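Nothing in this text is a laboratory measurement; each read-out follows from the coordinates by a stated rule. On a predicted model such as this, the values are computed, not experimentally measured, just so you know. Note that each Cβ is placed from the backbone with ideal geometry, even for glycine, and that neighbours are counted across all protein chains shown.
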Amino acid sequence: MVSGRSWRIKRKVIWGYNRLAPIYNALYAHEQTQKIKRVLYALDFSPPETILDVGCGTGLLFKHISDSAGMLIGVDIAREPLKIAKKLIKDSGIDRTFLVLADADFLPFKSGVFDKVFAITLLQNMPDPVLTLNEISRVAKEDAAIIITGLKKVFSREFFSELLWKAGFNFTLLEGEDDVKCHIAICCKGDPAKNINKREMKIIA
């Protein structure tokens, strides 16, 4: 059951990103690329992988990972950013990439199908971040790498870590440069009950 409050927040997010879509890349491409580069530096890929980008927006991640993807799926709740992403896919000649208009809390995929799941600059837009993280965990394979970021101006490192623990993740926090405005976590599935007593977290530079 989705509350009225949740839908109000999501409608506001949809409206905001639809309005921002034509100028989003001009405003935020550099900032987002800094996050993406920091993430990719810490990841290993074993192509071809099935990869999901939740909250993909205008598709800024796609060109960085498309060569490693047997299939790449971008999901966003706002239609206008997806139109920008569709044009990027066409103009860049990116293959095996598909776009889905959907809510991150209700992903239209079977459980345990993705080798990697990215959720970059998503959580601040979600009414219940733990619910969102649980849904991301559901569609990821048991041995998947799950990449989550949280805006530093919204989440303290402690609160961001608490959200990940509540979702049952074990994770590594990446220390970024000052111009990386997000906390970055490389996560794997864990046992939520076990994590209450034994919280596994690493911090690497």
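Can you sort His30, His64, His183 from fewest to most other Cβ atoms within 10 Å of each residue's own Cβ?
His30, His64, His183
When the Cα positions of Ala144, Ala69, Ala21 are compared along the charge dipole of the chain, Ala21 comes out farthest toward the positive end, with charges on each C-beta of Lys, Arg, Asp and Glu. Taking a ≥ b ≥ c as the square roots of the eigenvalues of the alpha carbon gyration tensor, the stretch 90-167 is prolate, as a/c is not under 1.5 and a/b beats b/c. The alpha carbons of the stretch 46-135 occupy a box of 36, 30, 19 Å along the principal axes, longest dimension given first.
Shape class of the stretch 1-108 from the Cα gyration tensor (axes a ≥ b ≥ c, square roots of the eigenvalues): prolate, since a/c reaches 1.5 or more and a/b is larger than b/c. Across q = 0.19 Å⁻¹, the chain modelled as identical point scatterers on its alpha-carbon atoms has Debye log10 I(q)/I(0) values of -1.59, in the order of the q list. Per-residue ellipticity at 222 nm computed for the chain from its helices equals -13000 deg cm²/dmol, with DSSP H segments shorter than 4 residues left out and the rest contributing -39,500 (n - 2.57).
Its relative contact order, with pairs defined as Cα atoms under 8 Å and 6+ residues apart, puts the chain at 18 percent. Using C-alpha pairs below 8 Å separated by at least 6 residues, the relative contact order for the stretch 17-135 is 28 percent. Taking every DSSP beta bridge that has both residues in the stretch 4-204, what percent is antiparallel when rounded to the nearest 5? DSSP beta bridges in the stretch 4-204 are roughly 35 percent antiparallel.
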